[in-house]
Each structure stands twice: as structure tokens, then as C-alpha cells.
1. Within region 298-321, identify whether any single residue is β-branched (Val, Ile, Thr), under 22 Å from residue 41 (Cα atoms), touching a Lys or Arg at 6+ places or on another chain (Cβ under 6 Å) and crowded, with 21+ Cβ neighbours inside 10 Å, and answer yes or no.
2. Of all residues in region 193-235, which are crowded, with 18+ Cβ neighbours inside 10 Å and either in a helix (DSSP H, G or I) or outside the structural domain of residue 264 (by TED's automatic domain parsing) (or both)?
3. Counting only residues that are outside any helix (DSSP H, G or I) and either of a type in the set (Asp, Glu) or on the phi > 0 side of the Ramachandran plot (or both), how many does region 164-190 have?
4. I want to confirm something. Restricting to region 138-163 and keeping residues that are in a loop (DSSP other than H, G, I, E, B) and hydrophobic (A, V, I, L, M, F, W, C), which single residue is modelled with the highest pLDDT?
5. Can you report the number of residues in region 322-354 which are surrounded by fewer than 21 Cβ atoms within 10 Å (Cβ to Cβ) and either closer than 30 Å to residue 297 by Cα or among the basic types (Lys, Arg) (or both)?
6. Give region 111-128 a look and list any residue that's free of Cβ contacts under 8 Å to residues at least 60 places away in the same chain, within 22 Å of residue 262 (Cβ to Cβ) and not in a helix (DSSP H, G or I), or say none.
7. Considering each residue of region 236-278, count those that are assigned to a loop (DSSP other than H, G, I, E, B) and out of contact with any helix residue (DSSP H, G or I) (no Cβ under 9 Å at 6 or more places or on another chain), and give that number.
8. Keeping to region 29-47, report how many residues are more than 20 Å from residue 93 (Cβ to Cβ) and buried (at least 19 other Cβ atoms within 10 Å of the Cβ).
Amino acid sequence: MRQSKLAIKTQKENPKDADNISAALLIRGGFIDKVASGIYSYLPLGLKVLRKIENIIREEMNAIDGQEILMPALEPKENWEVTGRWNNFDALIKIKAFGDKEFTLGSTHEEIITPLAKKIISSYKDLPIYLYQIQTKFRNEARAKSGLLRGREFGMKDLYSFHTDEEDLDRYYSRAVSAYYKVFDRFGIGDETYLTYASGGAFSKYSHEFQTVCEAGEDTVFVCANCKVAVNKEIIEEQSICPKCGNKELIEKKSVEVGNIFKLGTKYSKPFDLIYLDEKGERKDVIMGCYGMGTGRNMGTIVELFHDENGIIWPESVSPFDIHLIVLGETDEVKNKAEEVYQQLLNKGFDVLFDDREESAGVKFADADLIGITKRVIVSGKTLAAGGVGYRLRAEKEEAIISMEELMSKL
């Protein structure tokens, strides 16, 4: 992609209404555009990052036998009346359609997935089954703030599992925990992300969140000094020691919730009469679990953890491009060499952002630091004279001049 054609405009100053670093840098770098409080457009750079985040999640959900579906954003009132949540779920955005038929914009999808599963499940032979989607959610959030960390419209992966009994749910629950750790490791935030014990779900003493330690976070967790778990502030009086190892030393930290998992039990299967026939032909309630993960929220969290005073430092796995190729100088020789390098990189299958703009070196490097692509290649009169190209990682300060052969080896 030639940067001269890329539909972004970077900004030198932080937006006045950006209340955290990720919102400021993502807007300044041309990744997102604020439409209203808690509502953002994803621009070409931002959408590339978002799709990489989604694909990492998708790969790990597929690895634990998840099957991807896509449910509607419009959910009928009658489904929510079955569960009794139409008048008891404060975050619903309700709308009326033709003929005064009432809907809500999907804030969560238990009221859709459960009747769907009823059309699939009839016998124990149909279980277990695991269905997930990556969908846009809508919530009437009273405190939309912090950019992508708390929105009224936001991306979410939600997986639902269906089981014959509690033991089978427990086994899958453990698989989901492992899969979540893999996702966060691939995002680059695994070292700062903790399985966090939270107040109980519908079916167990605890539910679990995945909390990433971050100064911009609105949550407070107490991290065990010995093992990779934490306790949410809401249950710290009840659970003042580590629930995993019994350690009494819990360290208070600010954090962002980047995922959550719940054992739903029969909370939704009972209202919808979601049952299966066991080996004896007896009717049994289907046992359910759910597993959520915010896509845009993880994007914001990654930026909160990976930046410096000049801009974003994307982990390689979610960098919007593989390489940022920058040409410095206006001579035909330099320009021709840059075009040659660009084509070589494309021919090798790399996704390259080529800064071919007629701008000063200062402007180009400032934009490159702000955008934060992991790997940078420079073509200039200096590199031509040395018989190679400049190469550096965004996270490093020093640039090395290396041959094209060495570059390809590094890449």
C-alpha cells in the first residue's frame, strides 16, 4: 500500500476529549475516528489491526472445536420476555419497527443462541456442541469513556457451549481458559493478564474474568504474588486469600477486563425448554457455558501497554502492516531503489506500507513512530552509498544498514 494513497490523516496533538493514551494515539494515528461518545469508525489502519485480532481469536476458538456462526443484531422483544430480562436489563437499547413491533439491539445473545440450539439439539448424541460469533454489540452505557475500552457500540467474540452434565462443562471450561491464555499471549499482553475470580455466576460460586494490569483500567484487582490469578475488588472481603494457592499476599492493581467466562448452567435452557433425551430416553436440561472477549477493547489495551512518548509500538502479531518502507530523498536513484525494494518485498508476500510521500524525513519518521508498525526499512542516499538498506524495529532506537540478503533473512 502506498502511503500517499492511504485514507488517513495523522494529527500532531492529542484530541481534547481523549481521556486515555490509547484513545489519543489511535485517533492521532488515523486508526479510528470518534463519531460520538463510545462510538467509533475503524479506518483502514485500524480495521487491519482489528481483523488480525479477530483472526487470532478465531483460530484459537476453532482449536477448541468452536464453530463460527453469525447471529442478528436485532433481537425480538418476545425472546427477552421469555427470560424475564426485557424490563430488567438496564443496558438495552430498545427500538420500534413497523407495526410497533419491538426489538433490542443485541447487547448479548443468550436470548438468540438458546432457541437456535433448541433446533439443533434433541439427543445426548448431539452434545456437546460449541458455537461462537464475532459480532457488534450495543449497550446503553451511561459512562462511555476511555476510547475503545468502554463503548456503546463494540466488537465482541461470544462463544456458547452446550453439555449433558456439569462434568462435561467443567472439562470444556478448562479448555477455554487455556485457549484464552493463548490468545492473550499472541496479542503480546499475556504476561500482564490474570485469570480473575469474580462474584458468582448463575451456576457456580465464582465467575472468571481475564484482567490485564493497566493504569488506564477502571477495574481494581488483587494479584497473587505466587501464581497467575487475581481476585476482583467486588469479592475481596469474601475471598481475601488467593483462591488457587492460599497465599495471603495479594497486590492491588488497576486493570482492564479483556475477557470473561461463566458457567450458565440451566439459567437460559430452562426458560426456553432446551432439553435433550439421554440414553434412557429421559428428558434432561442442557447445561450451558459462555465465553466473551472484546475485540476493540483488546486493541485499546494493547496500545495502553505498548507505546512510548512518540506513538504506538504494535506487537508483530497485530501490526497493521508487516513492514513500513520509508524512502528519503528526491533523486531518481533513491526513488528507483525504493520502488525495487517495494516490489521485492511484495513478491515475497509481505504486506508493506510504502511511504512514498513528498514529505521531509522528520515528518515521515514522526508518522512512522506514531503509527507504530513493528518493522521499518529505509531507503536513502546514505543506505545506497553503503550498498544496502536501513532496518530497525519500532521498539528499538538504533538503525542498522544491511544488505537485501540480510534483510530477507531477518524478515
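The values are calculated or read from the model by the stated rules, or taken from the named source; none is laboratory data. This structure is a prediction, so every number in the text was calculated from the model and none was measured. Don't worry about glycine lacking a Cβ; one is built from the backbone with ideal geometry, like all the others, and counts go over all protein chains shown.
1. Initial filter on region 298-321 (β-branched (Val, Ile, Thr)): 301-303, 312-313, 318.
Next cut, under 22 Å from residue 41 (Cα atoms) only: 301-303, 312-313, 318.
In the following step, the residues that additionally are touching a Lys or Arg at 6+ places or on another chain (Cβ under 6 Å) were identified as 313, 318.
Going one step further and asking which of them are crowded, with 21+ Cβ neighbours inside 10 Å, we end up with 313, 318.
Within region 298-321 (the criterion being β-branched (Val, Ile, Thr), under 22 Å from residue 41 (Cα atoms), touching a Lys or Arg at 6+ places or on another chain (Cβ under 6 Å) and crowded, with 21+ Cβ neighbours inside 10 Å), the answer is yes, since at least one residue qualifies.
2. 235
3. Just the residues of region 164-190 that are outside any helix (DSSP H, G or I), to begin with: 164-165, 188-189.
If we keep only those that are either of a type in the set (Asp, Glu) or on the phi > 0 side of the Ramachandran plot (or both) as well, we get 165, 188.
Adding up the residues that qualify gives 2.
4. Within region 138-163, the subset in a loop (DSSP other than H, G, I, E, B) is 139-144, 146, 151-152.
Of the ones still in play, those that are also hydrophobic (A, V, I, L, M, F, W, C) are 142, 144.
Numbers: 142: 80, 144: 77.
So the residue we want is 142.
5. 7
6. If the condition is that a residue be free of Cβ contacts under 8 Å to residues at least 60 places away in the same chain, within 22 Å of residue 262 (Cβ to Cβ) and not in a helix (DSSP H, G or I), then 120, 128 are the ones that fit.
7. The qualifying residues number 16.
8. Count: 8.
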